[in-house]
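Structure first, commentary second.
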Amino acid sequence: MNTDAAAAASADRRGSLLNLEAVVVAFGGLQALGGVDLQVWKGDRLALLGPNGAGKTTLFNVIAGDVKPTSGRVTIKGIDCTELPARFRPRLGVARTYQKTRLFRGLTVEDNLYLAQTGRSGRHLALLRSGVDAEFRERARAMAETVWLADVIGVTAGDLSHGQQRQLEIGMALVTGPEFVMLDEPASGLSRGERERLVQLLLSLDPDITLLLIEHDMDVALRAAQRVMVMNEGETVASGTPDEIRVDPLVHAIYLGSEAGLRGADP
Amino acid sequence: MSPTGAAPGRAQSRRTLRRLLSARNVVVAAATALALLLPLFGSNFFVEFVMTRTMILGIAAATIVFLAAYGGMVSLAQYLLAGVAGFMVGNAVVAQDAWSKGLKLGWNPWVAVLFALAVTTAVAFVLGALASRTTGIYFLMITLTYAVIGYYVFGSITPLSGFGGITGIDPPGLFEDHPQRMYLALVVLSVLVYVAFRVLAVTPFGLALQGIRDDPVRMASLGFNVSLHRTLAFTLAGFTAGLAGVFNVWWNGQIDPTSISIGPTLDLLIVAVIGGTLSLEGAWLGAFVFVAANNYLRNLPLVDHIGITEARFNTIVGVLVLLIMILSPDGLAGIIDRIRLGLRRLVHLSRGSGAGPAEAAAGSKP
Amino acid sequence: MRYKPTFRRLLSLVGIVAVFALLAASCGDDDDGEAAPATTAAPAEPEAPAEPEAEPEAEPEEMEEMEEMEEMEEMDDHALVHLGILGECEGAFGAFHEDVVAGASLPFITFAGGTSNSPTSALEGFSGAVVAGVPIEVVGIGCGDDTPDRIIQEVRKIVEQDGANVVIGPLSGDESIAIANYAKDHPDVTFLNGIAGAQETTMVVQAPNFFRFNGDGAQWNAGLGDILHNEAGWDTAAVIADDYSFGWTSTAGFIAEFCAVGGEVISRVFPPLGTTDYSSFVQQLPDPDEVDGYFWAVGGSGTNASLEAFLAAKGDLTGDQHAGNLFFSPALAAALGTDIAGAYVGGFATLPGDVSTPAIQEYLASAEAAWDSLVSPMSGMEPGSPAAAAGFGFFYGFYSSALAFIMALEQVGGDLSDNHAALRDALANIEIDGPYGTITLDENRQAIVDTSVQQLVLNDADEVVSQTVALIPAVDQSFGGTFSPQTPPPDRENPVCETRDLPWAGNAIPVVDGVPQS
């Protein structure tokens, strides 16, 4: 791991993990993000709210390195990542999920969870298995249990139910042993019971793990997060604790609608 | 709950044995045994021509299948790479005083093989690196471009190809005047290639390659260098295609730019499509069907009367490919697979067992 | 394993593209060929080349039975001629498949008592031919596509599977080099070239069991350089030719002779085979006022395209400043106008229809007697006169080889023992008094032939036609020593331009109104 990063992390227990400065993303003439500033501290639990098209996923993609910002700066653990491609993020302890599941549909649950770990280790070019692999396999099986997939561990990912695929999606992010997890609508398409299990899972995470969450389900978002940021049309419009947001009239106006209550509308 | 972790050794080895004795493996092993015994009862022409060519095309087509099934890349450059190896062997082995064209380096044939494979691997690495950022139809197009450019490159660099080609390329003493030995060597090589590709599929490298096939974006966000991975897979396939190319030039005795023109390039793709682009066995199966159709179809008396002859060979193969594509996009291997599943279901039904559907659902294979 | 549906769709797409490519290849093989100097070859619809005497036990499913066939063949080795013919059913010359098979068959029908199996197709083969007590059986007709790889596979099938011990063919240059090399490894089979004209085939490969009874591409252009320098008054010339072995060899014949008699070649341009836009190559040629004339050896669809590019770039195109090899046909006038009249054209294996001798008439009549009709580019790929096909060089090349074989086999009384030793000796020393001139072989088993020079002229109806202006007797392959196994084979730089004595220079027999003036 990078020594700068280690130094920055040890300097302050609650040090800044992620820093966005005036991030702008424009797709052609369409401005998806209009100068967003964001600071996330180690151990933070931050939820991003906002209507569809507010720029939440674009913001995610910028942080994850899948989209390069048109201007602005992205710093993770003190390292300027603005220009670094996505594949360098895992070395900084970043893991993410996708709104639309991105699984290795031709491989088994175990292989999915196994592969998720090898990318960071540099083992993925190896032609032989070794002791490290056994360790990865063990962790993969343990994670399958954590995300309630132990009985289907040998099933091909493409054959899983939708809910199971969401669980695997999260498992693949968590199995890498990340310091910073970004979850893009983890609860979408889940049943009520599954949502409850998801919240329990998120609350049971090691307090040192930093969590950034996009979630339409207000119940899930506000229970899992300590801090909420509301976006609209590519800009931050409000931020505060879950309780503050719950009563913010502006948030109600632009996002929740008059009688939507705590149920977000899924696309 | 832990299914294998603490399993006792006996159970594990029994499970391993059962996995090794799967229907698929048993059939492949039987086919291998048959191929090895063939010289005892097959005619010389059948062994030295039909089956030898089948093995060569099979190995080359297997590289297409490997890239397509594990890497999601349909490559049209594999015949070009085989041709590069062939040209290198030709340039290296033909003696200075022999009448031929090319560089006429007059090297030891085995040194020439190493040289040819090294050059082919290097070329594959460069071409693979250039194509590694593309997927799907774009990858297909860029490799098609390689094939076309390759033809023109060898056509215009006449010191390397003599335009009319390099002739009189003899195999090493081990195989010269021993076509049956060459055939047996090809069977062994085919088995090695087949086993290597299948074993590769379960190595960290192979799994990562399949991950890239399924979702390159996710792979990148998990820290994989997707382009490098694709490049290395392409290089490996290129090296293997080079092996086929070496044997091809030994078997053919000559190579010229038309040997790697678009015709043979498409033929190889067709071999892969007939067999099934997602099944390694299919490569050899497709090669056999293609070579046999080419050589024996015209002998059918009936075929004569409906105006189908060697001149119509392309039409027949075209119709054959179309039929196979309609019946099963996974080629003959896919058809066989379905028949196998169907039979199994029948057996289950007749036994009245309820284990059928689950097994059938999980039964599709790489 | 499951795949993303897009990938599966891609695979289906790949398959469908492959199918269309194949269908396109099988339908469009013949229309862009370099075929048909005398008439433009219509897209070919090759008729069913039936496997003559299809052996019943050659069922594909029962490969084991091949062995029995092989044993049978060994038993019969000395009692039978198993004849294989290497035709060309695909590629640039694919339209001529039936022509060349007919050419190889005709002598067996005319001189050996054979009868054609079909009155309307040579591809059905012939039966009943016997030479000096030896029955002749056609065991296979190969299907080349003018690539060496393909013809090697075809000859292997014919020799190694069908058991041919005598092979007539192939048609095209690069193929013949491959076949001659193959012949070296198969000393038990006798090979007679079809009409392929690459120089190396006999001069350099020198397989002891490979015989060629036709000239090479250079020999066919003999006489042209002499006439252009000494009669048309060209001192300098530029050449433009296809960049492959036939283009080089054909050009080499012109250069060797033009330079031998004192001319100078000041520019050589070689566009790749299959070029469609010739403008950049034509630009490399000197302007009409900088050179006395141009020699063209661009074949197929390139002939017209290159000349039209010249017309566009250099302004005018007149017969007195242009000459060509056999591809320069009267048909060019259709696109280029009658100004092309006056151009000299190199010869080929036969003579144009303006020369008619009793021997030629007899030969053409024998073709008419053998079949009612043949499908040939000479008759626009419709069933047409067999004589029209026989009058063209492709047919005649195969004919003269088969004729030589029959004569030699008769001479030795059907003796095929000791790897055809006596037969080969007879072949090497035979003299054929053929309808289009005398043919003998040199020490490399390469024909010494009579060839001709033609000129495009206007007839009474103001149409451009081909007229024979000179016959050049006994043209050998070496061009007075310009070419030998030690000299570099013809290519972009070779031969170099130098004066030397040519055995036939000044010996050309002028032809006036179709009558040789000897």
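In table form, for the structure just shown:
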quantity	calculated
Dipole axis of the protein assembly as shown (+1 Lys, Arg; -1 Asp, Glu on Cβ), positive-most option in C:Gly302, C:Gln161, C:Ala341	C:Gln161
Listed residues C:Gln199, C:Cys89, B:Leu320: farthest to the positive end of the dipole of the protein assembly as shown (Cβ charges)	B:Leu320
On Cα atoms only, tilt of B:136-156 relative to the major axis of chain B in degrees	20
Neighbour-count order for A:Thr176, C:Thr190, B:Thr203, fewest beta carbons within 10 angstrom listed first	B:Thr203, A:Thr176, C:Thr190
Shape of the stretch B:22-272, Cα gyration tensor, a/c cut at 1.5	oblate
Net charge, A:Val152 excluded, C-beta distance under 11 Å - Lys, Arg +1, Asp, Glu -1	-3
Amide H within-cut-off set for C:Thr236, under 5 Å, with H built and near neighbours excluded	C:Glu264, C:Asp292, C:Gly293
Distance (nanometres) between label positions extended 7 Å along Cα→Cβ at B:Ile262 and A:Thr70	4.2
Given charges at beta-carbon only (K, R positive; D, E negative), |dipole| of the protein assembly as shown in Debye	9540
Fewest-first ranking of B:Trp251, C:Trp220, A:Trp148, B:Trp284, using other Cβ atoms within 10 Å as the exposure measure	A:Trp148, B:Trp251, C:Trp220, B:Trp284
Gaussian network model of chain B, Cα within-10 Å springs - most flexible of B:Phe49, B:Phe234, B:Phe247	B:Phe49
Where labels lie 7 Å past Cα in the beta-carbon direction, separation of A:Glu21 and B:Ala11 in nm	5.9
Surrounding net charge for A:Val23, when Lys and Arg each add one and Asp and Glu each subtract one, Cβ distance under 14 Å	-3
The stretch A:165-192 versus the stretch C:397-450: alpha-carbon centroid distance in Å	85
Mean shadow area of the stretch B:1-159, taken as a quarter of the surface of its Cα convex hull (nm²)	15.7
Computed magnitude of the charge dipole of the stretch B:22-272 (debye, nearest 20; Cβ of K, R +1, Cβ of D, E -1)	560
Which of B:Met88, A:Met229 has the fewest Cβ neighbours within 10 Å, and the rest in rising order	A:Met229, B:Met88
Karplus 3J(HN,Hα) series, Hz, for the stretch A:64-75 with 6.51 cos²θ - 1.76 cosθ + 1.60 (x for Gly, Pro)	7, x, 6, 10, 8, x, 5, 8, x, 9, 10, 10
Hits among lysines - C-alpha to C-alpha of A:Lys100 under 22 Å, sequence gap 8 or more where chains match	A:Lys56, A:Lys68, C:Lys4
Rounded FRET efficiency, nearest 0.05, which uses the C-beta distance separating B:Leu20 from A:His252 and R0 of 56 Å	0.30
Descending principal axes extents, the protein assembly as shown, alpha-carbon based, whole Å	119, 75, 53
Net +/- balance of residues flanking C:Leu171 in space, Cβ distance below 10 Å, scoring K and R +1, D and E -1	-4
Theoretical ellipticity at 222 nm over the protein assembly as shown - DSSP helices of four or more residues, -39500 (n - 2.57) apiece, nearest 500	-14000 deg cm²/dmol
Reduced Cα scattering model of chain A, Debye log10 I(q)/I(0), q = 0.17 Å⁻¹	-1.43
Dipole-positive endmost among B:Ala29, B:Ala98, B:Phe46 within the stretch B:22-272 (Cβ charges, Cα centre)	B:Ala29
Folded to 0 to 90 degrees: helix A:109-121 orientation relative to chain A principal axis, Cα	80
Acute angle (nearest 10 degrees) that the helix B:226-252 long axis makes with the longest principal axis of chain B, alpha-carbon atoms	60
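Every read-out reported here was derived from the displayed coordinates using simple, explicitly stated rules and does not represent laboratory data. From a predicted model like this one, the values you see are computed outputs, not experimental measurements. No Cβ is skipped: glycine too gets one built from the backbone with ideal geometry, and neighbour counts run over all protein chains shown.
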